[in-house]
Amino acid sequence: MVLSTSLHSLCIIPHTSQSKIPSIFNLLKSPLAKPHLKINPIFKPSSLSLFTQPSKLRPKTQNFRTPTIRSLFTGIVEEMGEIKQLGMAGHGGFDLKIHAKTVIEDVHLGDSIAVNGTCLTVTDFDTHLGEFTVGLAPETLRKTSLSELEPGSLVNLERAIPPTGRMGGHFVQGHVDGTAEIVGKQVEGDSLWIKVKTDKNLLKYVVPKGFIAIDGTSLTVVDVFEEELCFNFMLVAYTRQKVVIPLKEIGQKVNLEVDILGKYVERLLSSGFVDSIKGSRFPETHNKTGIFNQLPKSYNTSSYM
């Protein structure tokens, strides 16, 4: 600690070590603020003030990669990749190697990439060969249609959206809720109708004109057929050329992720949240005897009751 004196002030300034600043400081967006103790000159009214002054030590961030959020997708497929290899890996897990062009341009280890709507982590990549590898957990294979893939299969690919990206579709987490089976395909003009059947536990979240992610593609539900446990959707000409869904045959499966907002609403309703809000709006005595009795008699309060 260094003691500095002058004619006008007495300052106690902490001594700054010459050692390297911890890397955690490089994540801060503003200079560090440190306490600075100052005593006013003795020939003025004595007062002791504590204030902060910005530190002269500015974190060096140019050599560090800025952290970004990499856990959200939009359902806008960037490209179709080709499965090059899949199977058991040497470490005992299950690996999936995919050939791609767009999503590998700025890939890093640990990045999240949605493969047919399933959020997976990049464990290896080779930009010269245009390939990247993701790991699959047993639960992922049980919950999704990825177990049906084979070398040569095409898959929808989308990188996680950065905070500054455009939300072109809807909020897609890459957490597949289950699968659906294609039970019907019908061409109408240059568009394609597709009808799928799923479990009733998932169908309750599917609503006409609502969002749904199918194999990672943000689509709009057209109709829901409760008795058949089915719903349908339409692919326009452009979408048919950009995603893998039209390439699948009747009987094959697609991954489903329902709109997360519906599940949150269900959770709130089942937890009694709405009832607690109703009970906290006004005390019972204010409903009729308190507030409305204070209004002039010329007011018609029947419309408020």
Point to revise | Condition met for Ile76 (open to solvent by less than 50 Å² (accessible area, probe 1.4 Å), within 30 Å of Tyr205 (Cα to Cα) and β-branched (Val, Ile, Thr)) | key: no
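I want to confirm something. Restricting to the range 170-188 and keeping residues that are more than 27 Å from the chain's Cα centre (by Cα) and within 16 Å of Phe225 (Cβ to Cβ), which single residue is most open to solvent (accessible area, probe 1.4 Å)?
Among them, the one singled out is Gln186.
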Check your understanding: What's the number of the condition Asn116 fails, among (1) closer than 30 Å to Thr198 by Cα; (2) under 22 Å from the mean Cα position of the chain (by Cα); (3) at pLDDT below 95?
Key -> (3)
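Can you work out which of the residues in the range 63-96 that are farther than 16 Å from Ile161 by Cβ and among the acidic types (Asp, Glu) is modelled with the lowest pLDDT? Explain how you work it out, then say what you get.
First, the residues of the range 63-96 that are farther than 16 Å from Ile161 by Cβ: 63-65, 80-96.
Now narrow it down to the ones that are among the acidic types (Asp, Glu): 82, 95.
Working: Glu82: 97, Asp95: 93.
It comes out as Asp95.
The values are calculated or read from the model by the stated rules, or taken from the named source; none is laboratory data. From a predicted model like this one, the values you see are computed outputs, not experimental measurements. Note: ideal-geometry Cβ built from the backbone for every residue, glycine included; neighbour counts use all protein chains shown. Remember, those area values only see protein heavy atoms, side chains included, never the ligands or the DNA or RNA. Shrake-Rupley method; radii C 1.70, N 1.55, O 1.52, S 1.80 Å.
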